[in-house]
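Heads up: the structure comes next, in structure tokens.
The values are calculated or read from the model by the stated rules, or taken from the named source; none is laboratory data. Not measured: the values here are computed from a predicted model. Reconstructed Cβ throughout: ideal geometry from the backbone, glycine too, with neighbour counts over all protein chains shown. Protein only, heavy atoms only, side chains kept; ligands, DNA and RNA dropped before computing areas. Shrake-Rupley method; radii C 1.70, N 1.55, O 1.52, S 1.80 Å.
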Amino acid sequence: MPTDPAAEAAEPSIARFGLGTAAVGRPGYITLGRDLDLPAERTVDALRERTHTLLDAAFAAGVRYFDTARSYGRAEEFLGEWLAARPQAAQEVTVGSKWGYTYTAGWRAGGVPVHEVKEHSTAVFDRQVAETRALLGGLPDIYLVHSVTPDSPALTDPALHARLAALAAGGVRVGLSTSGPEQAAAVRAALAVTVDGRPLFAAVQSTWNLLEPSAGPALAEAYEAGWLVVVKEGMANGRLADRNATGPATAALRALAARTGASCDALALAAVAAQPWADLVLSGAATTGQLASNLEAVGRALDADDLAGLAELAEPAEEYWRTRSALPWA
């Protein structure tokens, strides 16, 4: 597998886009409209088939970056099976995964008080990196500490840093993902982490979308430092999809869609790709139709006036994350 997709990231092409598996590796997630998108019976076999179908469609379209995580139910397993059955494809794609959350929902969608538990300890790293290696058939190209916030021990624990540095010395690009209203602070703290005088982290996956752009300046700093910058949740967990972008807060997006004939989701992802620091933009599609619509963002240029109009959608970060935390797991 190639280890650095960033070389092609500046081109406005399919190379800028990846596929995430959060929505299809487990029966429950917080994307709006999952009852319309997934099989009525969300068995392991049904979601394995859906995941493989999406991976096939994405690969056929030219997507070469696939994202997963230990906490995405059985997503690493599904991706590992797909890679094992397609050795030629496995040589062409870049795989990113994450550790630090443990999936606890027991393959249930609703009625579960806690779906995943976060712990950034050396014990969890030791367990999960072995699990990831086994399920993917080898270490991923990019391995991120999942959902780092400014108070995470992942930013301060020297024993954990030593383990991550050893992983990086073996050729894995080590980084972090972020979430919450203090994403920028977490990125900047991570930029300052060193081991033996050298920067430890070299990749970040953060939420940036038209509703929540607050991490942008910090992500630009990470990009300038040579990090790979991957953007997740460009669709705001479905809030920017055509079927959900119905209120006054998204009027500018709907107006641009009407004027250009593009879908709201394609425009939302094109806005992410328009950020000069965004190396890779993830689709979180749960159906091949959604994937095709998302990938219409490829090559769709937004001018300064378009982007200025879409900037009207931005919410205060605290408000955005309160809304996100209230989305139901379904």
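Points to keep in mind about this one:
- Choice from Gly309, Gly226, Gly261 with maximal GNM fluctuation in the chain (Cα, 10 Å cutoff): Gly261
- Taking Asn209, Asn237, Asn294 in turn, the Gaussian network model of the chain (Cα-Cα springs below 10 Å) assigns the largest fluctuation to Asn237.
- The chain: relative contact order in percent, alpha carbon pairs under 8 Å with at least 6 residues between: 21 percent
- On the beta carbon distance between Asp196 and Thr246, with R0 = 56 Å, the FRET formula returns roughly 0.60.
- Simple point charges give the picture: +1 on the Cβ of Lys and Arg, -1 on the Cβ of Asp and Glu, and for region 261-330 a dipole about the Cα centre of about 300 debye.
- Carbon/sulfur fraction of accessible area - region 199-297, other protein chains in place, 1.4 Å, %: 58 percent
- For the chain, the dipole from Cβ point charges (+1 on Lys and Arg, -1 on Asp and Glu) about the Cα centre works out to 580 debye, to the nearest 20.
- Highest average first, the peptides 312-318, 184-190, 266-272 ordered by how many other beta carbon atoms sit within 10 Å of their residues are 266-272, 184-190, 312-318.
- Only Lys, Arg (+1) and Asp, Glu (-1) charged, at Cβ; region 162-276 dipole about Cα centre in debye: 160 debye
- Accessible area (Å², per residue) of the chain, counting only protein heavy atoms and a probe of 1.4 Å: 39 Å²
- Among the protein heavy atoms, those of Val298 account for about 50 Å² of accessible surface (1.4 Å probe, every chain in place).
- Accessible area per residue (1.4 Å probe, heavy atoms of protein chains only) ranks Tyr320, Tyr101 as Tyr101, Tyr320, with the largest value leading.
- Note on Trp107 and Asp126: the model spin-label points, each 7 Å out from Cα along the C-beta direction, lie 3.0 nm apart.
- Farthest toward positive dipole pole in region 149-301 [+1 Lys/Arg, -1 Asp/Glu at C-beta], among Ala249, Ala185, Val195: Ala249
- What the Cα atoms of region 254-330 give is an Rg and a Dmax of 13.7, 38 Å.
- Computed over region 176-330, the P(r) tail beyond 27 angstrom holds 23 percent of alpha carbon pairs.
- Residues whose placed amide H lies under 5 Å from that of Leu176, excluding near-sequence neighbours: Val145, Ala203, Val204, Gln205
- Subtracting the Cα-Cα distance of Asp157 and Ala314 from 0.36 nm times their residue separation leaves 53.0 nm of extension gain.
- With θ taken as phi - 60° and the Karplus curve 6.51 cos²θ - 1.76 cosθ + 1.60 applied, the whole-hertz 3J(HN,Hα) list for region 97-113 is 9, 9, 10, x, 10, 10, 6, 10, 7, x, 6, 10, 8, x, x, 10, x Hz, x standing for glycine and proline.
- Gain in span if fully extended, Ala84 to Thr288, counting 0.36 nm per residue against the direct Cα distance: 71.3 nm
- Database remark: amide H of Asp141 closer than 5 angstrom to the amide H of Val95 (H placed geometrically; neighbours at sequence offset of 5 or more, or on other chains; Pro and chain starts carry no H).
- Candidate residues Lys98, Lys118: accessible-area rank, largest first, probe 1.4 Å: Lys118, Lys98
- Cut-off under 5 Å, modelled amide H: who pairs with Val195 long-range: Leu200
- Using just its DSSP H runs of length 4 or more, each adding -39500 (n - 2.57), the chain gives a mean residue ellipticity at 222 nm of -11000 deg cm²/dmol after division by all residues.
- Neighbourhood charge, 11 Å Cβ-Cβ cut-off, centred on Leu313 and excluding it, Lys, Arg +1 and Asp, Glu -1: -1
- Sequentially through region 32-42, phi angles give Karplus couplings (6.51, -1.76, 1.60; θ = phi - 60°) of 5, x, 4, 5, 8, 9, 10, x, 4, 9, 8 Hz, Gly and Pro residues having no value and appearing as x.
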